[in-house]
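To start, the structure under review is shown below, and the notes come after it.
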Amino acid sequence: MPLYGPSTATATVTANTNSVAIAGMDLNAVVQQGMTISFGARDRAVGDAWIINTVVPNGTNGGTLTTAGSISTAYNSVPFLIDTRGFNGTDSSFAAAVSLKLLATLTNLLGTATNLFAGSRQLVLDKVASTAIGRVAFAIAGRTWGDIAQRSLTYTPTGGQGAAIETLALRAFPDGATPIDALLLDLTTGTGDLRKGNTFMVAASMVDLGSAPAGKVSISGSAPINSFGPGRHLDRLVHILEGGSTITHNGVSLILPGGVNIVTRPGDCFHATSDASGNWRVRDYQRATGRPLFTPTVVAGNSGPTSIPGGVTRYFTHNLVGASAFNVYVLAGRRGIFRNLRVVGVDTPGSGQSVKFTLQKLFSDTALTCTMTAGNAASDLVNSVAFEPGERWSIKAETSAGANQLSNYLFAMDFEVTD
């Protein structure tokens, strides 16, 4: 309907100008760009209708309008009519104006300068009826849409009892009609359920597990893998499709179980997470057979009857003692890890004496070592050493100068096969 304002409102304009002075009417809320103004009457349009270009209110009792074109006739404090029919809800310009006002309202409510509720910025969907659903929908024409909804949910787990919970869900509508709870929060217990999608990647030096928004990843190909990418605070379940890749251990950026490389096999699965710096750790790895990555066995033996006196260094394996490591050694035979070295003697080294036992790898000392002092037993249950199949090992015994001469040292180590 047309808008003409209070009965005392008037308009004044100088001939051949486009500036109209309005008196006696609040221009703030109702007059907008694109409306038209006619001069000389309040009950009908008289003469030409001029398109309003700008609106500059002066308080609440008048202001200035400019028109799109110059007005050839002068008017002095005359009645006028402003036509709003293009803004009655059927015109797209009205919809645009409403959307602009809504956007401004949301900006005021949620913007950084808002001081509502003592500084909190809140949008409350409060409902009186307990059966009501609180919902914010996101819909763009031609695209898959979603919503955030609070609702009561009744469910019956397979083989279990029916239950009803109050939920808040982030939902997707893949078919445009049926919602799927992508993230479902139980508001009673504060717990949640998250659906994880799957994506496919190809083995390469860097397989960026964070390059796709999916909690599950399937890897094909057999190229070596040296990195899982720079993603931070990620959690991924990985399925190996073809196998044959070597995942290379890195003590900082790609930490693997046991600190050794892994040769993948088809059907293997593992769980990997990244930290705040984008460093990855494989927390669990399972072979397709269902077996763990490592198969522990026990390597045990007896140094034999040859005595080892005090103040010397000797090397031994099962039933074999030598003064040189080149004469006493055993092949590892498989790729694996030695750990949990234990040694027991028939007697103690003697008061104030000691015997130090160290696992040697290719005739060099390793970190796997223990020392027998007051008792007749020693162990190292902390350190571990990785071996390749062709690498040789022996145990070095170093006795203090006054140690008792002993033989038949019993030894045992765990060997975890990793190939």
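The values are calculated or read from the model by the stated rules, or taken from the named source; none is laboratory data. All values derive from a computational prediction rather than experimental measurement. Every residue, glycine as well, gets a Cβ built from its backbone with ideal geometry; the counts of neighbours run over all protein chains shown.
Overview of values
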read-out	value
Any hit, region 352-370, residues being at positive phi and among the small types (Gly, Ala, Ser)	yes
Criterion: β-branched (Val, Ile, Thr) and assigned to a loop (DSSP other than H, G, I, E, B) - qualifying residue of Thr199, Thr167, Thr178	Thr178
Scope region 141-162; condition loosely packed, with under 10 Cβ neighbours inside 10 Å and over 21 Å from Asp186 (Cα atoms); matching residues	Ala141, Gly142, Arg143
Residue ID - nearest to Gly333 (Cα to Cα), chosen from residues in region 355-408 that are among the hydroxyl-bearing types (Ser, Thr, Tyr) and not in a strand (DSSP E or B)	Ser407
Criterion (surrounded by 14 or more Cβ atoms within 10 Å (Cβ to Cβ) and either on the phi > 0 side of the Ramachandran plot or touching a residue at least 40 places away in the same chain (Cβ under 8 Å) (or both)) met by exactly one of Gly304, Gly311, Gly290	Gly304
Filter pass, Val217 being hydrophobic (A, V, I, L, M, F, W, C), in contact (Cβ under 8 Å) with a residue 24 or more places away in the chain and either assigned to a strand (DSSP E or B) or under 30 Å from Asp414 (Cα atoms) (or both)	no
Test: residue in region 409-417 that is part of a loop (DSSP other than H, G, I, E, B) and either of a type in the set (Val, Ile, Thr) or in contact (Cβ under 8 Å) with a residue 60 or more places away in the chain (or both)	yes
Filtered residue count, region 286-333, keeping only those that are in a loop (DSSP other than H, G, I, E, B) and not β-branched (Val, Ile, Thr)	20
Qualifying residue in region 256-264 (condition: loosely packed, with under 12 Cβ neighbours inside 10 Å and within 23 Å of Thr366 (Cβ to Cβ))	no
Residues located in region 172-182, provided they are aliphatic (A, V, I, L, M) and either modelled with pLDDT of 95 or more or surrounded by 15 or more Cβ atoms within 10 Å (Cβ to Cβ) (or both)	Ala172, Ala182
Hey, Phe117 at pLDDT below 75, more than 30 Å from Ala21 (Cβ to Cβ) and aromatic (Phe, Trp, Tyr) or not	yes
Strands (runs of 3 or more DSSP E) within region 1-79 that include 1 or more residues modelled with pLDDT of 90 or more and touching a Ser or Thr at 6+ places or on another chain (Cβ under 6 Å)	10-13, 17-23, 50-57, 62-71, 75-78
When residues of region 80-95 are limited to those that are within 12 Å of Gln32 (Cβ to Cβ) and β-branched (Val, Ile, Thr), the one modelled with the highest pLDDT	Ile82
